[in-house]
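Scroll down for the structure; my scribbles are underneath it.
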Amino acid sequence: MTILRVLGSAAGGGFPQWNCNCRNCDGVRRGTLRATPRTQSSIALGDGYQNWIIVNASPDILAQLRASPALQPARAPRDTSIVGVILIDAQIDHVTGLLMLREHRRPLPVYASAAVLSDLSTAFPLTRMLSHYCGLDTRVLALDGSAFAVPQLDAVELTAVPLESKAPPYSPSRNAHRIGDNIGLRIVDRQSGRRAFYAPGLARIESHVFEELSVADVVLVDGTCWTNDEMLALGFSTKTAADMGHLAQSGPGGMIETLDRLPAARKVLIHINNTNPILDEDSPQRHELEAHGIEVAYDGMEIAL
């Protein structure tokens, strides 16, 4: 049985964000808001014992590992159960954690698209930096629908699914879409046949993405913003959610409307921005999600496939 564990459920900056005093961040610090702090978006896939794949390595990875004892089996003086890292994109909040894993005793297996590996060898040269430490054993993900497995956890079948979002702001390709700048991940437990689809960044529900969502038993998808103008209305940004590569939850064509069309047993929002009112467990927006049967991911959440 494959275990999907949410290591971090917030968008970049976490919740509360260190420099933010929006209603959510201020309220959770003061204890006046019923909300749970969250670290930055990442999940782990494992057999529940000694082999785990990390999907996205957030800047909070050390705290996430401390909160997940199964990922430190302590079989030797230096040990880990991490057998590989898969990168969904090259966003800072999804790749900087690789620097925190520099003490790995051998080159760390990292699976990513050619576009992501290009950014990580040029604009943000993590591959070059880490060559002076453990090094990275990079594996280019195929984007043609072919499945792959990570050695030591081959009971999990994985498929990279190209999707529309945005390359990181630092990338030369920020405004020039490349296939592979962002992917979703199809996750299939070979024994049970159950599948999940993970896509923390979604700008648009393309037809092939909707097909993936439609056949998944569990979907974990972009929960960044409630409204498209959320950051604008609060005066925190000059960009809409769409400008940043995210589909808002509410409104015509939004994520709620899409999720309502799916037969999936579990529909979960992840990568939640600190400004999103769904973080307030007493908010009308949170109650609206509950009425639609949509869950909000939290750090430590586990789903069995």
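Assorted remarks:
- Listed conditions (1) buried (at least 21 other Cβ atoms within 10 Å of the Cβ); (2) on the phi > 0 side of the Ramachandran plot are all met by residue 41, apart from (2).
- Test result for residue 183, in contact with a Leu (Cβ under 8 Å, 6 or more places away or on another chain) and either surrounded by fewer than 23 Cβ atoms within 10 Å (Cβ to Cβ) or over 27 Å from residue 57 (Cβ atoms) (or both): no
- Residues of the stretch 70-85 that are surrounded by 12 or more Cβ atoms within 10 Å (Cβ to Cβ) and small (Gly, Ala, Ser): 70, 81, 84.
- The stretch 2-21: number of residues that are assigned to a loop (DSSP other than H, G, I, E, B), surrounded by fewer than 22 Cβ atoms within 10 Å (Cβ to Cβ) and at negative phi: 6
- Only one of 44, 57, 67 that is touching a residue at least 12 places away in the same chain (Cβ under 8 Å) and farther than 24 Å from residue 154 by Cα: 67
- Which listed residue, of 67, 57, 63, is surrounded by 18 or more Cβ atoms within 10 Å (Cβ to Cβ) and of a type in the set (A, V, I, L, M, F, W, C): 57
- The stretch 119-149, subset of a type in the set (Val, Ile, Thr) and under 20 Å from residue 170 (Cβ atoms), residue surrounded by the most Cβ atoms within 10 Å (Cβ to Cβ): 138
- Screening residue 154 against (1) surrounded by fewer than 21 Cβ atoms within 10 Å (Cβ to Cβ); (2) at pLDDT below 95; (3) charged (D, E, K, R); (4) within 22 Å of residue 120 (Cβ to Cβ) leaves a single unmet condition, (4).
- From the options 297, 248, residue that is crowded, with 20+ Cβ neighbours inside 10 Å, out of contact with any strand residue (DSSP E or B) (no Cβ under 7 Å at 6 or more places or on another chain) and of a type in the set (Gly, Ala, Ser): 248
- Identification of helices (runs of 4 or more DSSP H) wholly contained in the stretch 30-112 with 3 or more residues that are within 20 Å of residue 303 (Cα to Cα) yields 61-66.
- Taking the criterion of being surrounded by 20 or more Cβ atoms within 10 Å (Cβ to Cβ) and assigned to a loop (DSSP other than H, G, I, E, B), the residues of the stretch 202-218 that qualify are 202, 205, 216.
- Residues that are modelled with pLDDT of 95 or more and of a type in the set (Asp, Glu) occur at least once in the stretch 81-89.
- Cβ pairs under 6 Å, 6+ apart, first in the stretch 224-241 and closer than 21 Å to residue 199 by Cα, second assigned to a helix (DSSP H, G or I): 226/277; 226/285
The values are calculated or read from the model by the stated rules, or taken from the named source; none is laboratory data. In this text the structure is predicted, and so the values were computed from the model without any measurement. Please note: Cβ atoms are built from the backbone with ideal geometry, for glycine as well, and neighbour counts cover all protein chains shown.
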